[in-house]
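The block underneath contains the structure these notes are about, expressed in structure tokens.
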Amino acid sequence: MEPMGTLRPNLLSPRDLPWRIVWDRDRCTLCGRCTAACPTRSIELGVHRKRSLEVKAGLAVKPSNVYAVYHGIDQVAHASRVCVGCGLCSQVCPNAAIFPVRSEEIDKVRFHVSEGGEPRRRGGRRNDPNSLLDRIKFIRISMLTDPALDAGRHEFELRTLLGRIPPPEDMLEEASRPDGWVPPVREVYPLMVGGMSFGALSPTMWEGLQMGVAYLNEELGMPVRICTGEGGCPPRLLRSRFLKYVILQIASGYFGWDEILHALPDMKEDPCAIEIKYGQGAKPGDGGLLMWYKVNSLIGAIRGVPVGVSLPSPPTHQTKYSIEESVAKMIQSMYMAWGFRVPVYPKISGTTTALAVLNNIARNPYAAALAIDGEDGGTGAAYNVSMNHMGHPIASNVRDAYLNLVRIGKQNEIPIVAAGGVGKNGNLAANAAALIMLGASAVQVGKYIMQACGGCVGSETDRCNICNIGLCPKGITSQDPRIYRRLDPEDVAQRLVDVFVSFDVELKKIMAPLGRSTSLPIGMSDALGIDDEGAAKRLGIQYVV
Amino acid sequence: MCRLFAITSDEPLSPMTAIQALDVMKEGHDGSGVGLLMSDLGGELEQFKGSPILSGIFTQEGIKRLDRYMMELGLLTKYKMSIRPNTTPPRGTPRRDVYLIRVYEYPYEWEGLSQDEIEQRLLAIRLDLRRMGEDDGSMMVFSFWPDTIMIKEVGDPMAVAGYLGLDRQALSARIILAQGRQNTNYAITLYACHPFFIQGYATMTNGENTAFVPIREYLVSRGFPGYTGYQSDSEVFTHILHYTHRRLGLPIQAYKHVLTPLKDEELARHQDARFLRAVKHSLRFLTIDGPNCVIGCLPDKTLFMLQDSKKLRPGVAGGRPGLFAFSSEMCGLDAAIPDRDTKNDRQPMKYDLVSVDASRTEIRTWNQWEPFGRTC
């Protein structure tokens, strides 16, 4: 017998979705704002027929059924339009009549996102709320003989170095000769804004961050630096005096470098540094990815590509025959482009092979630093499997790298820049200080900046995470003017300044009780403890319970 | 906090001069130890200026092992002034067999060696002996160097000095460094007792060095055999001095710039900015994070003192031509040289380095803002 209908495998009910929309008919004014604003079109106007019992006063008319139509909200239960829990519907609702709630059991959508043979891609983060960095405590509190300092009143020197520092024997000899060459070294703030490209971020977000960085430098005297990510740099910024606060990133797609090279003769200032991206924490061993949704005419112009095509960077640099050759060649080329005045350093994703890269870098007298991006790094777009399952935690990678440099006596020669999951649960200063005391010279942060400065609603439990398709409800990662106009660059700049100023206070509140103020406590591992014996042993810090 | 006292004099002085100064400053230390360094020796040891002197504490078994070891190297004893106390030690002081002060004669095979090679061998011998004694505690070696004696012991400085009979006439020196120890967060071991010594360089410090671990790691990773020990966080100050002055060949002013570099914006206004920035950057891991007062002595017998900006009560230097003293507290200086003109006392502030060279004519103050390299 023929069935009356077909239950397809991907037919889901709202109960199978990760987020359920709760809608209150009594409060709803049917204004339609929620359905208009929903980035994933997960809710739509519903027309419903309802039976009710009508009982009139008296006995003349018998009670009867009444059929009426009412309008309300329906949740779409298809994998392609699934609610991501961003909550924009409740933000725009004038009557608080609608909001998403997380389903009580694991959703079924995850089994159907591969429709068409394309695995899930998303933006965001690793979706693991656990953080080893959060568990590290600062246990060496100065008492009695070395009194703790006053974080509010004492003078602090919160600076770090970015650049290759030759051994003192060589560097001092060169510096004592008028014609001697000392590699460029920048004295900068130890917290940097990590690489988030123009393209991954919206123009308003990018502009806001740049304004904030300029303000921190020029008004507050904090030498904060920001990395462009792989996507080039707007031509006016390249030709402005603010370029000195910017780390230009070159990656395997070389996006934007045509524009950068053409701007070279007109540059008023050298950039702070050049970061060569070989890998990133969110999608280790995979190239950058800007999906077609976000490649509009502006992005296309800056990157030198046609509009509306996806831009997956190759996983490796095309010049790469071997890592040694690639690193050496690229570093040399970049140094030459700026007359050996700009530090050039590679960035890799956290990996067990980081030490091999480090040893290679150590032998290259020009390599200015090594940036390592741990598995908790966030991104604008990546394959779900890369983000969730690939990569190496940052803490042990940084510690191994630092101790390896100590073994070969080069801990001051190659600054380690750590990134990936710093502040993922909001503990920005504590996480950064822990990494510094494990051996990092500086820390890069991205996701925290998006959350604090742009109001990103993403979480470590798969909320929103649609940065990749340009539908960011806050306009942080969208290239659609209708969306990114929601974000005022002035607000972003203000928040960035707030973040750095408050970070500065918190870092002092960590350093002062440890008795540290005159130099950044790089490698001060005797101050660290953790309540996990295995982790303590692995990191070479104290086990405390 | 430890109390520090150093004195430099044209006329040889008894170590009791320094011990008495420590006693005056007793309020600030708990008598958990005393360390003495004597250099530019007078008395009976003056005649052996060029010969290495071994200072340490030995058991009888340790002496036998020492003799066997030195014989094998061809180092012969030339003179002994060992102290074998036969009274009951003061409370808290352990009974020891021998406080050794022994002058050696270089072996014939060392003739013709460069001064540098000889100094490396002296260091290697001291480290060897120290290692040999570490297992069974039969030897503790503090120095093996010409014209230098070191004595260290647990206990109250005055009581220990009386017990050891340090007031004996045969024992005198023109330069004396003394520390009364306030044991802090490290175990009581004599190797943690200041002053520390390496190849003619000695320093003693008060205050905690909170940047100790990264500094220690940096020094150890220099691959120099003498950069070892570190039972005290203050030992790094001696090794930083040795590294800066001897191995990098920089003047003493660089030591100040290494320990407490100028800030970046300050350097920008300094006439030697380029070189000083290279010093700061290349030796970043040696920046201290006090509060610390450092008093030290160079191989050329220059005494110096400096402190970092967190040292709220700086040490003081004063005296008169021919006799100058450096003290962590004013009362120590007053006790040692009461008849000086106090108007000429110097209290080095955060940018200063004060020093008295071997001519002992004046205290010189050098400031980090001054041109780099001016002799101090």
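Listing for the model above:
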{"quantity": "Looking only at region A:112-125, and only at residues there that are assigned to a loop (DSSP other than H, G, I, E, B) and not hydroxyl-bearing (S, T, Y), the one that is nearest to the other protein chains (Cβ to nearest Cβ)", "calculated": "A:R125"}
{"quantity": "Residue check for A:A536: under 30 Å from B:F212 (Cα atoms), at pLDDT 95 or above and surrounded by fewer than 23 Cβ atoms within 10 Å (Cβ to Cβ)", "calculated": "yes"}
{"quantity": "Residue within region B:173-181 that is more than 11 Å from chain A (Cβ to nearest Cβ) and surrounded by fewer than 20 Cβ atoms within 10 Å (Cβ to Cβ) present", "calculated": "no"}
{"quantity": "Those residues of region B:159-179 which are among the charged types (D, E, K, R) and outside any strand (DSSP E or B), in sequence order", "calculated": "B:D167, B:R168"}
{"quantity": "Condition check for B:Y104: modelled with pLDDT of 95 or more and not basic (K, R)", "calculated": "yes"}
{"quantity": "Checklist (1) surrounded by fewer than 22 Cβ atoms within 10 Å (Cβ to Cβ); (2) of a type outside the set (G, A, S); (3) over 22 Å from A:P521 (Cβ atoms); (4) touching a Gly at 6+ places or on another chain (Cβ under 8 Å) applied to A:V406, failing item", "calculated": "(3)"}
{"quantity": "Complete set of residues in region B:210-243 that are at the interface with another protein chain (Cβ under 9 Å from one of its Cβ atoms), of a type in the set (S, T, Y), in a helix (DSSP H, G or I) and more than 23 Å from A:M511 (Cα to Cα)", "calculated": "B:Y243"}
{"quantity": "Condition check for B:R68: surrounded by fewer than 22 Cβ atoms within 10 Å (Cβ to Cβ) and closer than 22 Å to B:R168 by Cβ", "calculated": "no"}
{"quantity": "Lone qualifier among A:K283, A:K294, A:K268, A:K277 - being over 16 Å from A:A381 (Cβ atoms) and in the same structural domain as A:R164 (by TED's automatic domain parsing)", "calculated": "A:K268"}
{"quantity": "Test: residue in region A:65-75 that is hydroxyl-bearing (S, T, Y), in a strand (DSSP E or B) and surrounded by 10 or more Cβ atoms within 10 Å (Cβ to Cβ)", "calculated": "yes"}
{"quantity": "Tally, over region A:512-533, of residues that are assigned to a helix (DSSP H, G or I) and at pLDDT 95 or above", "calculated": "4"}
{"quantity": "Region B:1-15 residues that are modelled with pLDDT under 95, paired with ones that are assigned to a strand (DSSP E or B) and small (G, A, S) (beta carbon under 6 Å, 6 or more apart)", "calculated": "B:R3/B:G180"}
{"quantity": "Extreme residue, farthest from A:S441 (Cα to Cα), among residues of region A:126-151 that are within 9 Å of another protein chain (Cβ to nearest Cβ) and hydroxyl-bearing (S, T, Y)", "calculated": "A:T145"}
{"quantity": "So B:I83, is it under 14 Å from B:L129 (Cα atoms) and either modelled with pLDDT under 95 or among the aliphatic types (A, V, I, L, M) (or both)", "calculated": "no"}
{"quantity": "Which listed residue is within 30 Å of A:T204 (Cβ to Cβ) and within 14 Å of chain B (Cβ to nearest Cβ), from A:A371, A:A442, A:A432, A:A362", "calculated": "A:A442"}
{"quantity": "Which numbered condition A:P223 misses (of (1) without any contact (Cβ under 8 Å) to a residue 40 or more places away in the chain; (2) over 17 Å from the mean Cα position of the chain (by Cα))", "calculated": "(1)"}
{"quantity": "Any hit, region A:186-199, residues being within 14 Å of chain B (Cβ to nearest Cβ) and farther than 30 Å from A:Y254 by Cβ", "calculated": "no"}
{"quantity": "Any hit, region A:293-305, residues being touching a residue at least 40 places away in the same chain (Cβ under 8 Å), over 30 Å from A:V185 (Cβ atoms), in a helix (DSSP H, G or I) and over 22 Å from the mean Cα position of the chain (by Cα)", "calculated": "yes"}
{"quantity": "Residues located in region A:343-377, provided they are within 25 Å of the chain's Cα centre (by Cα) and part of a loop (DSSP other than H, G, I, E, B)", "calculated": "A:P343, A:G350, A:T351, A:T352, A:T353, A:A367, A:A368, A:A369, A:G374, A:E375, A:D376, A:G377"}
{"quantity": "Scope region B:277-303; condition over 21 Å from A:L149 (Cα atoms), of a type outside the set (A, V, I, L, M, F, W, C) and within 14 Å of chain A (Cβ to nearest Cβ); matching residues", "calculated": "B:R277, B:K280, B:H281, B:S282, B:R284"}
{"quantity": "Region A:9-36 residues that are closer than 19 Å to A:V69 by Cβ, paired with ones that are crowded, with 18+ Cβ neighbours inside 10 Å and modelled with pLDDT under 95 (beta carbon under 8 Å, 6 or more apart)", "calculated": "A:W23/A:I73; A:C28/A:I73; A:T35/A:I73"}
{"quantity": "Residues satisfying the stated conditions in region A:37-60, i.e. in contact with a helix residue (DSSP H, G or I) (Cβ under 8 Å, 6 or more places away or on another chain) and either closer than 15 Å to A:H71 by Cβ or not assigned by TED's automatic domain parsing to the domain that holds A:G87 (or both)", "calculated": "A:I43, A:E44, A:L45"}
{"quantity": "Selection count, region A:483-511, where residues are part of a helix (DSSP H, G or I), among the basic types (K, R) and away from every other protein chain (no Cβ under 14 Å)", "calculated": "2"}
{"quantity": "Region B:312-335 residues that are on the phi < 0 side of the Ramachandran plot, paired with ones that are among the basic types (K, R) and crowded, with 22+ Cβ neighbours inside 10 Å (beta carbon under 9 Å, 6 or more apart)", "calculated": "B:S327/B:R3; B:S328/B:R3; B:E329/B:R3; B:G332/B:R3"}
{"quantity": "Some residue of region A:170-178 being facing another protein chain (nearest Cβ under 7 Å) and among the acidic types (D, E)", "calculated": "no"}
{"quantity": "Hits in region A:152-167 (condition: more than 8 Å from every other protein chain (Cβ to nearest Cβ), charged (D, E, K, R) and under 20 Å from A:V505 (Cα atoms))", "calculated": "A:R153"}
{"quantity": "Filter result (of a type in the set (K, R) and either at pLDDT 95 or above or within 24 Å of B:L100 (Cβ to Cβ) (or both)) within region B:16-54", "calculated": "B:K49"}
{"quantity": "Single residue of region A:473-517 satisfying the filter (touching a Phe, Trp or Tyr at 6+ places or on another chain (Cβ under 8 Å) and of a type in the set (S, T, Y)) that is farthest from A:S310 (Cα to Cα)", "calculated": "A:S517"}
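Per-residue answers, yes or no, for (1) within 13 Å of chain B (Cβ to nearest Cβ); (2) touching a strand residue (DSSP E or B) at 6+ places or on another chain (Cβ under 7 Å); (3) under 16 Å from A:L132 (Cβ atoms):
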{"site": "A:S386", "(1), (2), (3)": "no, no, no"}
{"site": "A:N397", "(1), (2), (3)": "no, yes, yes"}
{"site": "A:V422", "(1), (2), (3)": "no, yes, yes"}
{"site": "A:N425", "(1), (2), (3)": "no, no, yes"}
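Yes or no, residue by residue, for (1) surrounded by 24 or more Cβ atoms within 10 Å (Cβ to Cβ); (2) assigned to a helix (DSSP H, G or I):
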| site | (1), (2) |
| --- | --- |
| A:E169 | no, yes |
| A:P178 | no, no |
| A:E187 | no, no |
| A:G195 | yes, no |
| A:G208 | yes, yes |
| A:E269 | no, no |
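The values are calculated or read from the model by the stated rules, or taken from the named source; none is laboratory data. In this text, all values refer to a predicted model and were calculated from it rather than measured experimentally. With ideal geometry, Cβ positions are generated from the backbone for all residues, glycine too; neighbour counts draw on all protein chains shown.
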